[in-house]
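K.L.:
Take a look at this one; I'll ask things after.
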Amino acid sequence: MSSEPPAGDSALRDATWRLLEPPLDIVIATTGTGFRRWVEAADAWGIGEQLRKVIGQATLLARGPEARDAIRAAGLREAWSAESLGEVLEHLTAGALEGKRVAVQLPGEPLPDLVQAPRRAGAEVIEVPAH
C-alpha cells in the first residue's frame, strides 16, 4: 500500500465534494488508515479544512481504536465509538434516519448492511471509497 494520498482518485474526490454541499448529519469512520488518507487527499485538493469543518459539525462515529485515533489526529472528536461494525450499525439504526445525510468511509470493501440499512430508513448515504 502506498503512503501517498489518493489525490488523483476521482471517486473519492466526487464523494468528498458531494458531502460538502448540504449539511452532513452523520459520518462513520470504519478504518484509521482510510480516514487518514481521506483527510490527506482533501488537504491535497485544498479542501481539507472545509472537510474537517463539515465532519466536525456532524455526529462522528468510529469503528475501533484506530479509526478513533485517526479522527483525533485530524483534530476532530468522535461522538461514539464501538469495536465492531455490528455495534456501529446497531447504534446508527437505533435513531431516526429519515432525511439524514450519512457518509460511510468504506474500508476497501463493500459494507452492504452499513450502507443499505440507513437507506431503507430514509437516509441519503454517501459512500466514501477507501484507497
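Read the figures in this text as sums done on the coordinates, not as results from a lab. Values in this document were obtained by computation on a predicted structure and should not be read as measured data. Because the Cβ atoms are built from the backbone with ideal geometry, glycine has one as well, and the counts that use them run over all protein chains shown.
K.L.:
What are the extents of the Cα atoms of the stretch 14-131 along their three principal axes, in Å, largest first?
P.N.:
34, 29, 24
K.L.:
If I stretch the segment between TRP80 and TRP17 completely, what's the gain in nm (0.36 nm per residue apart, minus their alpha carbon distance), one decimal? Kindly include the intermediate steps, with their values, before the conclusion.
P.N.:
Working: separation 63, 0.36 × 63 = 22.68 nm, distance 2.47 nm.
Here the answer is 20.2 nm.
K.L.:
Taking the alpha-carbon centroid of each part, what is the distance from the stretch 61-82 to the stretch 114-131 in angstrom?
P.N.:
With the stretch 61-82 and the stretch 114-131 each reduced to a Cα centre, they are spaced 19 Å.
K.L.:
So for the stretch 1-82, Kirkwood radius off the Cα pairs, Stokes-Einstein at 25 °C and 0.890 mPa s: how many µm² s⁻¹?
P.N.:
Estimated diffusion coefficient is 194 µm²/s.
K.L.:
Something else: Under a point spin-label approximation (7 Å from Cα along Cα-to-Cβ), what is the HIS91-ARG119 distance to one decimal in nm?
P.N.:
2.4 nm
K.L.:
Hey, what number do you get for the chain at 222 nm if only DSSP H runs of n ≥ 4 count, each worth -39500 (n - 2.57), divided across all residues, to the nearest 500?
P.N.:
Here the helix-only value at 222 nm equals -13500 deg cm²/dmol.
K.L.:
Test of understanding: given the chain, find the longest segment containing no GluC sites (Glu not before Pro) that are in a DSSP loop and have at most 14 other Cβ atoms within 10 Å.
P.N.:
Numbers: sites that count: GLU83, GLU98.
With GluC sites (Glu not before Pro) excluded where exposed in loops, the chain gives 1-82 as its longest stretch.
K.L.:
Over 10 Å intervals from 0, what percent of Cα-Cα pairs in the stretch 67-131 sits in each interval?
P.N.:
20, 52, 28, 1
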